[in-house]
Amino acid sequence: MAVLEQTPPAVAQPSPTQPKKGWRKYWHLYAAISPFYLIFLGFGLFPVGFSLYLSLHRWDGLGSMEWAGLSQYQYLLSDSDFWNSIGNTIIIWALATFPMIFLAMVTAVMLNSAVRFKGLYRVAYFLPNVTSVVAIAIVFGSIFSTNSGLVNAVFNAVGLDQVAWLNTPWGIKVTIAALMTWQWTGYNAIIFLAGLQTIPSDLYEAARMDGAGPVQTFFRITLPLLRPTLLFVLVVSTVTGLQSFSEPQVLLQTSSNDSTFAGGPGHSGQTMVLYFFQQTFDNNDFGYGAAVAWGIFLVVVLFSIINWRLVQRRGE
């Protein structure tokens, strides 16, 4: 019997005219998104790299640069004014952030349970965040004025002594913190409200059937399920709060007789970014200003990591 030999199936060879796959095939798509990366390179990545290069030089903005190496960072570590600005910024951030988060969460719970005019309430609470910071600072400067301010008028009405809000170290910090709390409470309330609306209503119904009260429901259901939203709000509030500039700059400039960028009496309102602005644009020391900016960056990153770890640890 003859044995039939089976030949393997022929493998189709790629046609020489078949187009090549790769970046050449999608070049028009890359070209479409390239403006974003070019703008980011020119206005984002390059300034960051140049600021690091600038921090290693002495430069007044006009003449030639002079190599300084790490000497400016060494001076930064021993600069008492810079450490004072860090302390001021942390105190103002703490006075503003924790009351603001509490008020935002309470406001979000109230908005979530509101039956009528929800949209109107959301717009009303969000308006302070889109209002000009300069206008807000001028208004708060009048409200906390020593002689004709609304707060001291209320104190006089109830028999309390006047407080020199804009002329005492703690008064300045409380005023700036109150301004920041008013500005960001509504914004964070909207964020918390979005988190509340993702919690299934079945959990609340089951809790009520088991006899849980509003307080138990909040701490056993609402707060644990809001932890990702709380983490987001805390990190964003840390980043924005530690970079406060417009609030103290406008408030103290328009309400104090001290130096324009000194941060009030005793530099008690001089935040880190305000100190950076003073060194860079008031003293024309762009090299040291760049070193201050990198110091601010490290402080913000450090506090963001600490807040992240604290919230994550409580959730475990």
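The values are calculated or read from the model by the stated rules, or taken from the named source; none is laboratory data. Keep in mind that what you see is a predicted model, and the values were worked out from it rather than measured. In this analysis, Cβ positions are derived from the backbone assuming ideal geometry, glycine residues included, and neighbour counts consider all displayed protein chains.
Picking from Ser148, Ser132, which residue would you name as being among the polar types (S, T, N, Q) and either under 23 Å from the mean Cα position of the chain (by Cα) or under 25 Å from Thr107 (Cα atoms) (or both)?
Going through Ser148, Ser132 in turn, the sole match is Ser132.
On the basis of being hydroxyl-bearing (Ser, Thr, Tyr) and modelled with pLDDT of 85 or more, does Thr217 make the cut?
Against the criterion (hydroxyl-bearing (Ser, Thr, Tyr) and modelled with pLDDT of 85 or more), Thr217 does not qualify.
Applying the selection to the range 63-93, what residues are in a loop (DSSP other than H, G, I, E, B), out of contact with any helix residue (DSSP H, G or I) (no Cβ under 7 Å at 6 or more places or on another chain) and in contact (Cβ under 8 Å) with a residue 40 or more places away in the chain?
Met65
Looking at the range 290-305, which of its residues are buried (at least 21 other Cβ atoms within 10 Å of the Cβ) and more than 15 Å from Ile86 (Cα to Cα)?
Ala290
So, Leu251, is that one surrounded by 21 or more Cβ atoms within 10 Å (Cβ to Cβ) and in contact (Cβ under 8 Å) with a residue 12 or more places away in the chain or not?
Criteria met by Leu251.
Quick check on Leu230: is it closer than 25 Å to Leu111 by Cβ, part of a helix (DSSP H, G or I) and at pLDDT 85 or above?
Considered against the rule, which asks whether it is closer than 25 Å to Leu111 by Cβ, part of a helix (DSSP H, G or I) and at pLDDT 85 or above, Leu230 comes out as yes.
If you take the residues of the range 97-125 that are closer than 24 Å to Pro248 by Cβ and among the aromatic types (Phe, Trp, Tyr), which of them is surrounded by the fewest Cβ atoms within 10 Å (Cβ to Cβ)?
Selected residue: Phe102.
If you take the residues of the range 99-148 that are closer than 23 Å to Leu230 by Cα and among the charged types (D, E, K, R), which of them is modelled with the lowest pLDDT?
Ranking the qualifying residues of the range 99-148, first place goes to Lys118.
Here is a check on your reading of the model: is Phe232 in contact (Cβ under 8 Å) with a residue 24 or more places away in the chain, among the aromatic types (Phe, Trp, Tyr), surrounded by fewer than 17 Cβ atoms within 10 Å (Cβ to Cβ) and farther than 15 Å from Leu274 by Cβ?
Yes: the conditions hold for Phe232.
Only residues that are buried (at least 20 other Cβ atoms within 10 Å of the Cβ), over 18 Å from the mean Cα position of the chain (by Cα) and β-branched (Val, Ile, Thr): list them for the range 156-184, please.
Listed by number, the residues that qualify are Ile172, Thr175.
Among the residues of the range 77-96, what is the count of those that are of a type in the set (S, T, N, Q) and either crowded, with 16+ Cβ neighbours inside 10 Å or modelled with pLDDT under 85 (or both)?
Residues in the range 77-96 being of a type in the set (S, T, N, Q) and either crowded, with 16+ Cβ neighbours inside 10 Å or modelled with pLDDT under 85 (or both): 4 in total.
Could you please give the count of residues in the range 36-61 that are surrounded by 12 or more Cβ atoms within 10 Å (Cβ to Cβ), part of a loop (DSSP other than H, G, I, E, B) and not aliphatic (A, V, I, L, M)?
Count: 3.
Suppose we filter Thr175, Thr198 for residues that are hydroxyl-bearing (Ser, Thr, Tyr) and not in a helix (DSSP H, G or I); which single one remains?
Thr198
Looking only at helices (runs of 4 or more DSSP H) that lie completely in the range 241-315, which have at least 3 residues being of a type in the set (A, V, I, L, M, F, W, C) and either modelled with pLDDT under 90 or touching an Asp or Glu at 6+ places or on another chain (Cβ under 9 Å) (or both)?
The helices (runs of 4 or more DSSP H) meeting that bar are 246-255, 286-315.
Among the listed residues Ala153, Ala206, Ala212, which satisfies the condition of being over 22 Å from the mean Cα position of the chain (by Cα) and in a loop (DSSP other than H, G, I, E, B)?
Residue meeting the stated conditions: Ala212.
Can you name every residue in the range 117-150 that is aromatic (Phe, Trp, Tyr) and part of a loop (DSSP other than H, G, I, E, B)?
If the condition is that a residue be aromatic (Phe, Trp, Tyr) and part of a loop (DSSP other than H, G, I, E, B), then Phe117, Phe144 are the ones that fit.
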